[in-house]
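Engineer: The structure that follows is given in the form of structure tokens.
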Amino acid sequence: MINTMKGLMRFIFICLLLVSFNVQAADWKNFKYTVYRVSDGDTITATDGNVRFNVRIAGMDAPEKAQQYGKVASMKMRELLDNKEIQIEPVASGRDMYGRVLAKVYVNGKEVALNLIEEGYATYYRPKCEDYPANDKNYDYDPRPYVEAEKKARANKLNFWSVKGPLPCEFRKSKK
């Protein structure tokens, strides 16, 4: 009964959060959240101090935990975000297919996804695992800054790009 009630309260909060994102999309910078936990290289749990909710960081795709640099990407995300105050800018409908809040995340005014891609800890997000611009209609935001950041990291063989291996989306496909 208690777990059901907690689940219901979490669901109601997320619905209210998404409504507030849609209603006040222009005012997203006024809302501050704290990172409660880093799940992996591209997913966090945030809180407003009362309720926790999962956030899938838009624009990036970090290596999976079982993949080369997966644990390193998670550690870098923890270093950047653990217990830090963040801002969340919702993308498109504000949710992904798993019900997580889908958003750009900022810490100290800097976009987290772009930072991790620039440093080679993540790739740009590829819908359906297809490269941009072939899939440009599948984006709800402008992917070009992320694509350019990845090109630079790849050219400099930074972190993830220093080893041969599949992209995170290819890795996930191979495990299905």
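What follows draws every value from the coordinates through simple rules; no lab data is involved. Since this is a predicted model, take the numbers as computed values, not measurements. Cβ sites come from the backbone with ideal geometry, for glycine too, and all protein chains shown count toward neighbours.
Engineer: Exposure proxy check: PHE31, PHE160 ranked by fewest other beta carbons within 10 Å? Spell out each step's value before the answer.
Structural biologist: On the way: PHE31 15, PHE160 28.
Ranked by crowding around the Cβ, least crowded first: PHE31, PHE160.
Engineer: Moving on to the next point. Note down the net charge around LYS173, summing +1 for each Lys or Arg and -1 for each Asp or Glu among other residues with Cβ under 13 Å from its Cβ.
Structural biologist: Details: positive: ARG126, LYS128, ARG172, LYS175, LYS176; negative: ASP61, GLU64, GLU130, GLU170.
Net charge in that neighbourhood comes out at +1.
Engineer: Something else about it: For a quick protection proxy, order the peptides 130-143, 67-80 by their average other-Cβ count within 10 Å, most packed first. Intermediate results must be reported in sequence, preceding the final value.
Structural biologist: On the way: 130-143: 13.2, 67-80: 19.1.
The packing order, highest mean first, is 67-80, 130-143.
Engineer: Using the crude model of +1 on Lys and Arg Cβ and -1 on Asp and Glu Cβ, and no other charge, please compute the dipole size for the range 18-171 relative to its Cα centre, in debye to 20. Intermediate results must be reported in sequence, preceding the final value.
Structural biologist: Details: 23 positive and 22 negative charges, 60 e Å.
About 280 debye.
Engineer: Quick one: TYR124, TYR33, TYR146, fewest Cβ neighbours within 10 Å first, how do they rank?
Structural biologist: Numbers: TYR124 24, TYR33 21, TYR146 27.
Ranked by crowding around the Cβ, least crowded first: TYR33, TYR124, TYR146.
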